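I have placed the structure first, in the form of structure tokens, so that the comments after it can refer back to it.
The values are calculated or read from the model by the stated rules, or taken from the named source; none is laboratory data. Given the structure is predicted, the values throughout are model-derived calculations rather than measurements. Using ideal geometry, Cβ is built from the backbone for each residue, glycine included, and neighbour counts are taken over all protein chains shown. Heavy atoms of the whole protein, side chains included, go into the accessibility calculation; ligands, DNA and RNA do not. Shrake-Rupley method; radii C 1.70, N 1.55, O 1.52, S 1.80 Å.
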Amino acid sequence: MSLLPKRNASNPRNTSVPAKLAHEKLAQLEAFTLAASPGLTSNQGVQLADNHNSLKAGDNGPTLLEDFILREKLTHFSHERIPERVVNARGCGAHGFFKLYKSMVQYTSAAFLQDSDIETPIFVRFSGASGSQGSADTVRDVRGFAVKFYTQEGNYDLVGNSMPVFYIQDAIKFPDLIHALKPEPHHEMPQASSAHDTFWDFASLVPEVTHMLMWTMSDRGLPRSFRMMEGFGVHAFRFINARNDAFFVKFHWKPKLGVHGLDWDEAQKIAGKDPDFLRRDLWEAIEAGNFPEWELGVQIVDAGRENDLGFDILDPTKLIPESQVPVQMIGKMVLNRNVENFFSETEQVAFHPGNLVPGIDFSNDPLLQGRLFSYTDSQLTRLGGSNFHEIPINRSVCPIHNYQRGGLHRQSINKGQVAYEPNTLANGIELRVDGAADGFQSHPDQLGVSKSRRRLPSFEDHFSQATLFWNSQSVSEKDHIVAAFRFELSRVEVSEIRQRMVDNLAHVDLKLAARVALPLGINAPDPKAAAGRTGYRDYRIALKVSEDAALSMATRVGASIKTRKIAVLVADGVDAPALRRLVLDMTAAGAICKLIGSQLGSVCTAAGKQLVVDHTFITMPSVMFDAIVIPGGEESTAALSRLGEAVHFVLEAYKHGKTICALNEGHQLLVTLGFSIEKNPELVNVPTPGVILADARKVLDGQVSQDFQAAIALHRHWDRLNVDAVPA
Ligand code: HDE
């Protein structure tokens, strides 16, 4: 069933276009141009005879200015770059679709949310907020999660983040926040890192950032994969139904693969070993047909009931606890197509929180209000003029009809004498757009107030939800948060800033602040000192919930091992049968197994057969994997034990909490980790969380795969003992 706009003589959208037509047409044109071209041409379409030599006066003379071919090529090259986004510069995108589960007609008239038979094409761009375009993927940061829905009523953009709250409450503070976060202006360091003086100087003086800091210092700041990351619309938006009833709505994206983070040491190493880790992960999953999926969830609050929440719904440093207002899943998004050209699609895509369709409206959240201005403004500079909506990735799939004309790089050829409304000259009937019932209507809010440059008292609580977040974390999550604050603040040179920050944290939780302060060479945290400072407001609301399981990643562990990467360490003499069985079982469960050796080529098994090595220890270090297998084989185990790279591989995987499965003689390699395992060689034995010592016969009997799978599905074993003692 298709969802077409209502027929109406004055509605220029009468001509319904199949969803993908605009993009398909363009692709056909490009394919035709390529196929029709016999060789290289200039941009004027003139065939080139030589693409290797410029035109010179004589064979060794100066190059002639008249060489229009050289000039065209160099000029185009010199202008290939456009300004990167001032924030969220590093990103990667993919295409897919959104499918509704159930009609939301009760809440919104948005056409794409009416009918569960409709699939809406979408484009997603994930990004890191702080780094430049060439920065590493795995730095500690909030991630952008921007989705463009190409609906039949126009483009709708949900430009969200990987965390449900934001640093600041008012748009006017955004340039200050970003200037403090970005590399320091005198020497442009550090790149893509908040661990420096200016960021913490600002953060310690503006207590409203505290809740967001708790999120960025948690493992949410280090996603294992974009495919394993939640998304949030952050602000309260509004659904408006056909009767003009308004509802506040908060949007959530929940990944099907669970929510998982990297270990901090691991994330830093990946930043060097494979700075493209997250974008490669997304690209490869889609290429392999492992299409990532998220469910779209909404928290709906009837307009008028928002005051019952106990905090201000318009404050973007607050979330609505899921235990207070449950998230209803209303549809799913599937990413099933990689971009064909990064620049044309990922770089040129222009999102805007004000790209709305009828049935969805924004709210008076003062941060959101500022964004409504900023995004269009950004595109003008970034994309060079006002016609960026004509760039293929930004085009809507429904027809555009208006009297905007001209501007830099205008693509459409608007015909006829009429460029105004109302008119009768365009096609003989009067066109007048005046309160059309099926057009976009802003919700008629009652205002009648005087101008004010003040914050509402209801925005003055900066700590209660930071405490809620802290209270909701598991023991290991709390450890990671403490370690992250310690790392960041240890990098801060001015001790007064470190002190100010822990004094602030004392208002979140005194124990947290004391633990953070311990290695920082400062005094014990003093909540009174923070309370005495400008910017601090002595106000704390009483929350309706003191803990919320949904805030902990530990409650969001997925059950499957789909697309998890397993390294199998091999050397000559490896015992192949059990290894083969384990690899087959894991592959059948959706994991990706790679054989890692000291060099490319193959290793010779104990039975004299060849096993092809996929990667070496150096090129694919342990940080690229979720789990490892150490197969049996006397000779191979001895060889791996002598090889520093292999020992390091295992130690590092252990340190990062990864599942390790060792078979028979392979146990010996684990002796390096200090296990005494000789006593129980027959058992499938778990001496420490996530380390499985198995007998090869039991693998062949099918008794080990389940344990191995279950351990990998837990993602990491953060409760592993003695990790700090492991040098890696
Ligand atoms: Fe953005 N933000 N932002 N932002 N933002 C931009 O827009 C801005 C905010 C977010 O993949 C810029 O096109 C202001 C919150 C994402 O292309 C810019 C304020 C959230 C992306 C801009 C905010 C976001 C951006 C840079 C405070 C989460 C990347 C280039 C009022 C809900 C989109 C551009 C993409 C990008 C301004 C706050 C998310 C400068 C002024 C809150 C995901 O216009």
Set of aspartates and glutamates near LYS655 by C-alpha distance (under 14 Å), chain-local residues within fewer than 8 positions excluded: ASP263, ASP265, GLU266, ASP626, ASP719, ASP724
Equivalent ellipsoid semi-axes - Cα gyration tensor, the stretch 188-276, angstrom: 32, 21, 10
Accessible surface, 1.4 Å probe, highest first, among residues GLU153, GLU66, GLU266: GLU66, GLU153, GLU266
The chain: relative contact order as a whole-number percent, Cα under 8 Å and 6+ apart: 12 percent
Residue-averaged 222 nm ellipticity for the chain, from DSSP H runs of 4+ at -39500 (n - 2.57), nearest 500: -7500 deg cm²/dmol
Area of TRP283 that stays accessible when all protein chains are in place (1.4 Å probe, Å², to 10): 110 Å²
Cα principal axis extents for the stretch 56-205, largest first, Å: 78, 48, 28
Compactness of the stretch 447-488, expressed as Rg and Dmax over alpha-carbon positions, Å: 17.5, 51
Unit charges on C-beta of K, R, D, E only; dipole of the stretch 328-377, Debye: 200 debye
Using alpha-carbon coordinates, inclination of helix 475-490 to the longest axis of the chain, degrees: 70 degrees
Given charges at beta-carbon only (K, R positive; D, E negative), |dipole| of the stretch 372-485 in Debye: 440 debye
Kirkwood Rh (inverse of mean 1/r, distinct Cα pairs), the stretch 325-460, angstrom: 19.3 Å
Cβ charges +1 (Lys, Arg) and -1 (Asp, Glu), total dipole of the stretch 261-311, debye: 160 debye
Prolate/oblate/rounded call for the stretch 282-321, Cα gyration tensor, a/c under 1.5 rounded: prolate
Rg to Rh quotient for the stretch 180-334, alpha carbon positions, Kirkwood Rh: 1.03
Förster radius 51 Å - calculated FRET efficiency between LYS99 and TYR539 (Cβ-Cβ, nearest 0.05): 0.70
Local net charge near LYS332, Cβ-Cβ under 10 Å (Lys/Arg +1, Asp/Glu -1): +1
Accessible heavy-atom area order of ASP434, ASP312, highest first, probe of 1.4 Å: ASP434, ASP312
Cα long-axis angle, helix 495-505 against the chain (0 to 90 degrees, to the nearest 10): 80 degrees
Debye log10 I(q)/I(0) at q = 0.21 Å⁻¹ for the stretch 402-442, Cα point scatterers: -0.82
The stretch 62-125: relative contact order in percent, alpha carbon pairs under 8 Å with at least 6 residues between: 31 percent
When each of LYS256/LYS332; LYS173/LYS528; LYS318/LYS528; LYS182/LYS250; LYS478/LYS562 is checked by Cα-Cα distance, pairs over 21 Å: LYS173/LYS528; LYS318/LYS528; LYS182/LYS250; LYS478/LYS562
Quotient of Cα Rg and 2.2 N^0.38 Å for the stretch 438-513, N being how many residues it contains: 1.74
Sparse-neighbourhood loop sites, trypsin sites (Lys or Arg not before Pro) in the stretch 425-487 - DSSP loop, at most 16 other Cβ within 10 angstrom: ARG432, LYS451, ARG453, ARG454, ARG455
Partners for LYS609 among lysines (Cα-Cα distance below 26 Å; same-chain residues under 8 apart left out): LYS565, LYS594, LYS698
By accessible area with a 1.4 Å probe, ligands and nucleic acids excluded, highest first: order of HIS409, HIS52: HIS52, HIS409
Binned Cα-Cα distance frequencies in the stretch 547-590 - 10 Å width, integer %: 22, 33, 23, 15, 7, 1
Candidate aspartates and glutamates for bridging to LYS544, where Cα separation is under 15 Å - those fewer than 8 sequence places away on the same chain excluded: GLU306, ASP308, ASP312, GLU322, ASP461
Solvent-accessible surface (1.4 angstrom probe) belonging to ARG140, in square angstrom, nearest 10: 20 Å²
Per-selection Rg to Rh, the stretch 239-299 - Cα, Kirkwood hydrodynamic radius: 1.21
Inter-site label distance for LYS528 and ASN402 at 7 Å from Cα along Cβ, in nm: 5.9 nm
Globularity index of the chain, i.e. its alpha-carbon radius of gyration over 2.2 N^0.38 Å: 1.07
Heavy atoms of TYR107: accessible area, 1.4 Å probe, square angstrom to 10: 40 Å²
Accessible area of the stretch 282-366 belonging to carbon and sulfur atoms, whole % at 1.4 Å probe: 45 percent
Global size of the stretch 248-378 as Cα Rg and Dmax, reported in angstrom: 18.5, 52
Degrees between helix 277-287 axis and first principal axis of the chain (Cα, 0 to 90, nearest 10): 80 degrees
Shape category assigned to the stretch 599-672 from the gyration tensor of Cα positions, a/c cut at 1.5: oblate
Simple label model, 7 Å out from Cα along Cβ direction - VAL46 to GLU645, nm: 5.3 nm
Difference of contour (0.36 nm per residue) and Cα-Cα distance, GLU430 to ALA638: 66.1 nm
Nitroxide proxy distance, nm - points 7 Å out along Cα→Cβ at ASN290 and ALA588: 1.8 nm
The stretch 494-631, relative contact order in percent, only Cα pairs under 8 angstrom and at least six apart counted: 20 percent
Pairwise centroid distance, computed over Cα atoms, of the stretch 164-207 with the stretch 382-435, Å: 40 Å
Qualifying GluC sites (Glu not before Pro) in the stretch 308-394, DSSP loop, other Cβ atoms within 10 Å at most 13: GLU340
Kirkwood Rh in Å, taken over all unlike Cα pairs in the stretch 405-474: 19.2 Å
Rounded, prolate or oblate (a/c below 1.5 giving rounded, otherwise prolate when a/b exceeds b/c) for the stretch 373-414 by Cα gyration tensor: prolate
Overall dimensions of the stretch 160-217 by Cα: Rg and Dmax, Å: 11.3, 33
